[in-house]
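Encoded as C-alpha cells, the structure appears first; notes follow it.
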Amino acid sequence: MVIKTENGRVVSPFSCGIDTRNGKMDDYDTHVQRYLGKLASMFSDPEAAETYLKKNGDVLIYEVYEKDIPEADGEIRFCSSITCPGKIGGEYFMTKGHFHSRPDTAELYYCTSGWGFMLMEKESGEYAIEEMYPGRAVYVPGYYAHRSINTGDQPLISIPVYPGDAGHDYSSIEKSGFRHIVIEKNGKPQVVENPRYGKMSG
Ligand code: PA5
Ligand code: NI
C-alpha cells in the first residue's frame, strides 16, 4: 500500500546515519547554520555581542541537519541539532528557541554529545530546565517554548524528534525572548531572569 500525505507526497521507508559525536547526518536535505551576526539581538546583552563580533568576526552559534519529511499530520520529523560552545557577555551560546505553530505538539530531544540544558517556558510563565548530556532524553510537552543551551566546552549535540505538523513559531521569542537566561556565574551555569524579557526587539 502506498501512503500519501495530505500534500500528496509519498514517503518511502529509509534509514540514515547520524554521527553521535559530531552530529553530522548522512544524506541530509537541509543544513541550517545560524551565525552570531544574525542572532546578536537574541542575547540578553546585544552590546556584548557587537563587541564580540568586532573582536572575533562572525561566529557559528548553531547548526541543524534535516531530512525533508513532509510537515504533515501523521509524519515524524527529526534532525540533528548542534550548538557550539561559547558565551556572549556571560550568556552561553544557545538556539533561538520557538513555540510550535501547532502549540499542543510535544518533542523529544535525545542528547548524544556535550553538556547543557533545555530551557522550557510556557506563555503563562511556568518554566522548567532539564540537563542535557550524552544518553539523556528530554521531553518537551506541548505549549512550551524550548531552547537548547550549551554550558560545556564541546558542541552540544542532540536529535530532536517531533510531529510532522508541529511547525516552528519564532515570532514571540524574537519579540519578547525567554523569561529566563543561563549565564556563567563563579564558573558555573546559573538560571537568572532575563533583563530584556518583553523588549527583545527594540
Ligand atoms: O524542532 C526543534 O525544536 C529543533 O529541531 C530545533 O529547530 C533546532 O534545535 C534549532 O533550534 P531553533 O529552531 O530554535 O532555531
Ligand atoms: Ni521544537
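Can you tally the net charge around TYR162? Count Lys and Arg as +1, Asp and Glu as -1, for every other residue whose Cβ sits under 11 Å from the Cβ of TYR162. It would help to have the intermediate numbers written out before the result.
Values: positive: ARG77, ARG102; negative: GLU71, GLU75, GLU107, ASP165.
Counting the neighbours of TYR162, the net charge comes to -2.
Using the reciprocal of the averaged 1/r over all distinct C-alpha pairs, how large is the Kirkwood radius of region 66-153 in Å?
Values: mean 1/r = 0.0719 Å⁻¹.
Taking every pair of different Cα atoms in region 66-153, averaging 1/r and inverting gives 13.9 Å.
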Where the accessible area of the chain is counted over protein heavy atoms with a 1.4 Å probe, how much of it, in %, is carbon and sulfur? 48
Counting only other residues whose beta carbon sits under 11 Å from that of SER172, what net charge do I get with K and R as +1, D and E as -1? -3
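Relative contact order for the chain using alpha-carbon pairs under 8 Å, separation at least 6, rounded to a whole percent? Walk me through the numbers on the way to the answer.
Details: 482 pairs, mean separation 44.1, N = 202.
The normalised contact order for the chain reaches 22 percent.
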So, in Å, what gap is there between the alpha-carbon centers of region 63-82 and region 97-176? 14
What order do you get for 98-105, 169-176 when each peptide is scored by the mean count of other beta carbon atoms within 10 Å, highest first? 98-105, 169-176
Go through LYS67/LYS96; LYS96/LYS175; LYS96/LYS199; LYS54/LYS188; LYS38/LYS87; LYS24/LYS67 and tell me which ones have a Cα-Cα distance over 18 Å in this structure. LYS67/LYS96; LYS54/LYS188
Accessible area in square angstrom per residue, the chain, 1.4 angstrom probe: 52
Would you check the accessible area of ARG196, probe 1.4 Å, heavy atoms only, in square angstrom rounded to 10? 40
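Once you sort the root eigenvalues of the Cα gyration tensor of region 148-202 as a ≥ b ≥ c, which label holds: rounded (a/c under 1.5), prolate (a/b larger than b/c) or oblate (the other case)? Each step should come with its number before you reach the end.
On the way: a/c = 3.05, a/b = 1.13, b/c = 2.70.
Oblate, since a/c reaches 1.5 and b/c is not below a/b.
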For region 92-202, state the semi-axes of the equivalent ellipsoid (square roots of 5 times the eigenvalues of the alpha-carbon gyration tensor), sorted largest first and rounded to whole angstrom. 21, 19, 11
Scattering profile of region 1-144 at q = 0.10, 0.13, 0.14, 0.18 Å⁻¹ [log10 I(q)/I(0), Debye over alpha-carbon scatterers]: -0.43, -0.72, -0.83, -1.24
Taking the Cα atoms only, what angle lies between the long axis of helix 46-56 and the longest principal axis of the chain, rounded to 10 degrees? 90
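The values are calculated or read from the model by the stated rules, or taken from the named source; none is laboratory data. Since we're looking at a predicted model, the values are computed, not measured. Positions of Cβ are generated from backbone atoms using ideal geometry, with glycine treated the same way; all protein chains shown enter the neighbour counts. Protein only, heavy atoms only, side chains kept; ligands, DNA and RNA dropped before computing areas. Shrake-Rupley method; radii C 1.70, N 1.55, O 1.52, S 1.80 Å.
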